[in-house]
Amino acid sequence: MSVWPAASPVADNQLHGPAEGEESLRQWRRSLDALQREVESALGLAGQPPLQETAGSLLAWHPLANLGPLPQILASRARHLATLQQQALDMLAEARSGVEHELAELAQLPRAQRPPVYLDVWG
């Protein structure tokens with residue numbers, strides 16, 4: 001499930017620059033694709049039990065070196081991804097608050113104070 005609409009071929013064809021500009025655009029697209037996968041994963045995980053391997057993969061993103069400034073053609077996509085990231089952050093904060101509340105409730109429950117019981121089986 002993608003939360004971002006398919007790229008517009010018209011907009012993609014409007015960028016005519018030197019090879020260096022095209023490489024920068026490709027790098028930015030790869031970076032935004034990685035961010036999109038991460039935010040979609042985070043939004044998809046909301047309300048589900050956490051999985052160790054999935055949680056670790058959500059923390060692994062690092063930007064490519066020497067990206068340079070964001071090309072104007074990708075600005076709206078970057079803003080949309082930032083909005084989705086904020087939504088994911090809000091959902092995760094709400095989930096964390098719920099877990100903290102449940103833990104606080106559990107801490108209030110009385111604990112049984114029974115002495116240890118030993119059974120002598122060789123007796």
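Computed 3J(HN,Hα) for region 92-99, one whole-Hz value per residue from the Karplus formula 6.51 cos²θ - 1.76 cosθ + 1.60 where θ = phi - 60°, is 5, 5, 5, 5, 4, 4, x, 5, glycine and proline marked x.
Between Arg114 and Ala93, the FRET efficiency estimated from the beta carbon spacing at R0 = 41 angstrom works out to 0.55.
Label positions at Leu64 and Arg29, each projected 7 Å from the Cα along the C-beta direction, are separated by 1.0 nm. Ordering of 105-112, 28-35 by packing is 28-35, 105-112, highest average first (other Cβ atoms within 10 Å, averaged per residue).
Coordinate-derived values only; no laboratory data. In this text the structure is predicted, and so the values were computed from the model without any measurement. Here Cβ is always computed from backbone atoms with ideal geometry, including for glycine, and neighbour counts include all displayed protein chains.
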